[in-house]
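Undergrad: Pasting a structure below so you can have a look.
Bear in mind these aren't lab numbers, they're just calculated from the coordinates by the rules spelled out. Please read all numbers here as calculations on a predicted model, not as lab measurements. Quick reminder, even Gly has a Cβ in these numbers, built from the backbone with ideal geometry, and neighbours come from all protein chains shown.
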Amino acid sequence: MSDATTAADKSVPDLERDKWAHVRDLPCKLTVDLPLPGFRVMDLLALAPRSVIDTHWPVGNDVPLRVNGELLAWCEFEVVENRLAVRLTELA
């Protein structure tokens, strides 16, 4: 069991943990969406390694976090030990 899983287990009350026990190990797809308004197919075709995409997304604005395509929360990016991470700021 990873440290992250252990920390999550400790934050969930026993009754809640038991309620979800039968589905806890099912895989799910977690995505953080960074909207790119005005991005076109020609922009996509021009992408190459080391390309930089200007998002026009304000630095202080939260980005949507989705699980299996459903909006779960809003989050912000941060760096943790030389890795890009997201911090939940608001549940949807």
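Undergrad: State the extension gain, in nm to one decimal, for the chain segment bounded by Asp25 and Leu72, taking 0.36 nm per residue of separation less the distance between their alpha-carbons.
TA: 15.1 nm
Undergrad: Near Thr31, within a Cβ-to-Cβ distance under 14 Å, what is the net charge of the other residues, with Lys and Arg +1 and Asp and Glu -1?
TA: Taking every Cβ under 14 Å from that of Thr31, the sum is 0.
Undergrad: Moving on. Using 7 Å Cα-to-Cβ label points, what is the Glu90/Val32 separation (nm, one decimal)?
TA: 1.8
Undergrad: Can you check what the net charge comes to around Arg87, using other residues whose Cβ is under 15 Å from the Cβ of Arg87 (Lys, Arg +1; Asp, Glu -1)?
TA: -4
Undergrad: Using Cα pairs closer than 8 Å and at least 6 residues apart in sequence, work out the relative contact order for the stretch 29-91, in percent.
TA: Across the stretch 29-91, relative contact order equals 30 percent.
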